[in-house]
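Values in this text are rule-based calculations from the coordinates and carry no lab data. Worth saying up front: this structure is predicted, and the values here are computed from it rather than measured. Cβ coordinates were reconstructed from backbone atoms using ideal geometry, including for glycine residues, and neighbour counts include every protein chain displayed.
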Amino acid sequence: MTAPGLVDVSANPPGTESPVFVDSNVFLYAVDETDPDKQRIASNWRAELWKSRRGRVSFQVLGEFYVNALRKRPAARDEARAEVRDLLAWNPVVTDAALLQRGRKIQDRYQLSYWDALIVAAAGASSCRYLLTEDLQAGQKFDGVEVVNSFLRGPGSLL
């Protein structure tokens, strides 16, 4: 699956809403042919986020996607690399000292796993109001970031 073109989507066009931070599981389902329904839904989210220029990720998410995509389909290395390369256009959040500190605070405050707390911190750092994931409880809010399950809500509800 390749992006519609490498364009800078880090800045929202005037009049658009908050960006949406996307967890690695959405990208994994988009390339996973074992569950066609989830693949269709995840692919639709991905396409709509590209079209609206509101998708955001972190380098952590890109790494998780790549490792897990290869675990599921070792022969798909080139496809996984292409996906990561395309998603660099989303201006991924870098895991630096400030993000680690913010993640630790979120971990302690909300009793999240370290990795989930870092994703919530990255979503906040990229000014996202929404975090698209199935790993946390839908509707839950963490420091102004609301969890949205991509399989319970469609892109039209946010975009």
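List of remarks:
- Cross-link partners of Lys141 among lysines (Cα-Cα below 20 Å; sequence separation of 8 or more within a chain): Lys105
- Under 25 Å from Lys72, Cα to Cα: lysines that are on another chain or at least 8 residues apart: Lys38
- Cα pair count fraction exceeding 26 Å, expressed as % - the chain: 21 percent
- Theoretical ellipticity at 222 nm over the chain - DSSP helices of four or more residues, -39500 (n - 2.57) apiece, nearest 500: -15000 deg cm²/dmol
- Per-pair calculated FRET efficiency, R0 = 35 Å: Leu159 and Glu33 via Cβ, rounded to 0.05: 0.85
- 3J(HN,Hα) couplings calculated from phi for the stretch 111-125 with the Karplus curve 6.51 cos²θ - 1.76 cosθ + 1.60 (θ = phi - 60°) are, in sequence order, 6, 8, 5, 4, 5, 5, 4, 5, 5, 4, 4, 5, 4, x, 5 Hz; Gly and Pro show x.
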